[in-house]
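Worksheet for the structure shown next.
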Amino acid sequence: MNTPIADFVKKYAESDCLRFHMPGHKGKGALGIESLDITEISGADSLFEANGIIAESEKNAGALFGANSFYSTEGSSLSIRAALYLFMLHAAKIGKKPLVLAGRNAHKVFISASVLIDFEFEWLAPSKNSYLSCDISESELSEKLALYSDRCVAVYVTSPDYLGRIADIKRISSICKTHNAVLIVDNAHGAYLKFLSESRHPIDLGADISLDSAHKTLPVLTGGAYLHISKNTPDIFAENAKLALSLFGSTSPSYLILQSLDIANRYISNGFKERLNEFCNAVDNLKHELISKGFSLFGDEPLKITLDAKKYGYYGQELADLIAEKGVVCEFADKDAVVFMLTPENGLGSLERLKDSLFSLPKKAEITDSAPEYKQAKRALTPKYAMLCESETVDTENSEGRILCEFNVACPPAVPIAVCGEIIDRNTIERFEYYGIKKCRVVKNKPL
Ligand SMILES: Cc1ncc(COP(=O)(O)O)c(C=O)c1O
């Protein structure tokens, strides 16, 4: 597969052109990559009005993913905002009031998108065990879709989630189709799912839109992501994708990231599927070995290993710190879980080292305290309204009855423990305490 963006930039970097254009480093600098960091000079195309090398490269990505695929150099965060804006355009076109039914484990960008785009949303209940997961209940989804049959509804699902649980997108999509709802999947953690021996990518399972962070699971620089739109989705989505991305994106997209996305196409088309599946088999074997040693795991995502640390006798963060001393660094740990994100780039040898570091920890008596069960707090204000209020910071223990106006109460994994605009109740405070959150910002005076 060709790499038109990378080829163009390489040729330019090797030429002796005088750079009387941005960026200010003029192709030289301490990082050593400056010569490849260009801007929209003649021939380089323009991300949001692409009709040259960027359009060609995006077509390559689309051929690999079997979708209308568009690049983001600002992560899935940008793709999420664009997707929700496209849904709003679609609702306006069909003349129905929009509503988004979203899994409660949505990334915080979903909330900020509601502030920017002003869409109405309602939560689908999260899993009882962790606010980071959401086992979408088919009956709850069907009931809500029937209830809102006069509205234009989008169902917004995060899958895989941070703990490595994958939702049944095929089933959810068939329910959405029965009710004419648009299915948007935050697949930030699952770009690679397309290349499993049998694809588990949301677009192949019936999603209308999938947002994939290429940088999370493919060898792409941080920030590289896709907005994939199914070929079966009404034309208004793909036709307005560039407009949607440009509304929220920087006017200076990174050409380093664009080259990285471009080169990933060649990487994927050159035997990636085989390498990925061989590596997934090795990860699966490691998971079995860990289980036989007494570890318990969450989730079934092929490229994640998520330990239920307390079952092995450790708090997640404690376990993560112990193996960090041996040079093994995880993606995320909280009280309950330790998450390892793996890709074939780790190499098969790294699995032995991960295993050795974990096997060196003796199993202890299970820790039995657990996160308070999630109860949906009452919403007093929309997130947008709450964010426009004058605020003050209070101790969380004294915050009962106040309206939260803090946008992000936990990062990573950036799934809000409580959502801006909600009235803080006892259950919220218990969850704050469990996750070690001592202060929060609350509404002082409501705006007029
Ligand atoms: C589930 C989920 N969605 C969206 C995002 C945002 O992705 P990005 O960092 O590519 O903007 C993240 C980031 O961690 C995430 O975990």
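So, with a 1.4 angstrom probe, what is the percent of accessible area on segment 251-373 that is carbon and sulfur?
Details: 2740 of 5520 Å².
Summing carbon and sulfur atoms, their accessible area is 50 percent of the total for segment 251-373.
Return one whole number: the accessible area per residue of segment 272-359 in Å², for a 1.4 Å probe.
Details: 3800 Å² over 88 residues.
Accessible area per residue: 43 Å².
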**OP:** Calculate what fraction, in whole %, of the accessible area of segment 52-182 sits on carbon and sulfur atoms when a 1.4 Å probe is rolled over the protein chains.
**Re:** 50 percent
**OP:** Post the alpha-carbon centroid distance, segment 348-369 to segment 304-346, in whole angstrom.
**Re:** 9 Å
Subject >> Cα convex hull of segment 272-359 - mean projected area over all directions, nm² >> reply: 5.1 nm²
Original post:
What is segment 134-209's relative contact order, in percent, from Cα pairs under 8 angstrom and six or more apart in sequence?
Top reply: 32 percent
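Where both partners of a DSSP beta bridge lie in the chain, what percent of those bridges are antiparallel, to the nearest 5? Before the final figure, lay out the partial values.
Working: 27 of 44 bridges.
Percent antiparallel among DSSP bridges in the chain is about 60.
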Subject >> Accessible solvent surface per residue of segment 56-152, calculated while the other protein chains remain in place, 1.4 angstrom probe, Å² >> reply: 36 Å²
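Ratio of alpha-carbon Rg to the 2.2 N^0.38 Å globular estimate for the chain, to two decimals, please. Mind dumping the intermediate values first?
Details: Rg = 22.8 Å, N = 448, 2.2 N^0.38 = 22.4 Å.
Normalised Rg, Cα atoms only: 1.02.
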Original post:
Measuring from centroid to centroid over Cα atoms, what is the spacing of segment 242-295 and segment 36-94 in Å?
Top reply: 18 Å
Subject >> Cut-off 10 Å between beta-carbons: net charge of the residues surrounding Arg165, Lys and Arg +1, Asp and Glu -1 >> reply: -3
Original post:
Can you give the calculated 222 nm mean residue ellipticity of the chain, where each DSSP H run of n ≥ 4 adds -39,500 (n - 2.57) and the sum is split over every residue, rounded to the nearest 500 deg cm²/dmol?
Top reply: -11000 deg cm²/dmol
Original post:
How much area per residue is accessible in segment 383-445 when the probe is 1.4 Å and only protein heavy atoms are counted (Å²)?
Top reply: 43 Å²
**OP:** Please check the chain for the longest run free of GluC sites (Glu not before Pro) that are loop-located per DSSP (anything but H, G, I, E, B) and have at most 13 other Cβ atoms within 10 Å.
**Re:** 199-324
Original post:
Structure shown: which of Lys108/Lys355; Lys364/Lys438; Lys304/Lys355; Lys326/Lys439; Lys310/Lys378 lie over 22 Å apart, alpha-carbon to alpha-carbon?
Top reply: Lys108/Lys355; Lys364/Lys438; Lys326/Lys439; Lys310/Lys378
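Please list the helices of the chain that count as membrane-span-like by this rule: a mean Kyte-Doolittle hydropathy of at least 0.0 together with Cα atoms stretching 24 Å or more along the helix axis, each helix being a complete DSSP H run.
On the way: long enough: 75-94 (30 Å, 1.02); 272-292 (30 Å, -0.51).
What comes out of the filter, once short or polar helices are dropped, is 75-94.
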**OP:** Express the relative contact order of segment 50-136 as a whole percentage, based on alpha carbon pairs under 8 Å and six or more residues apart in sequence.
**Re:** 21 percent
Subject >> Pairwise centroid distance, computed over Cα atoms, of segment 418-433 with segment 102-179, Å >> reply: 21 Å
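The values are calculated or read from the model by the stated rules, or taken from the named source; none is laboratory data. Keep in mind that what you see is a predicted model, and the values were worked out from it rather than measured. Positions of Cβ are generated from backbone atoms using ideal geometry, with glycine treated the same way; all protein chains shown enter the neighbour counts. Heavy atoms of the whole protein, side chains included, go into the accessibility calculation; ligands, DNA and RNA do not. Shrake-Rupley method; radii C 1.70, N 1.55, O 1.52, S 1.80 Å.
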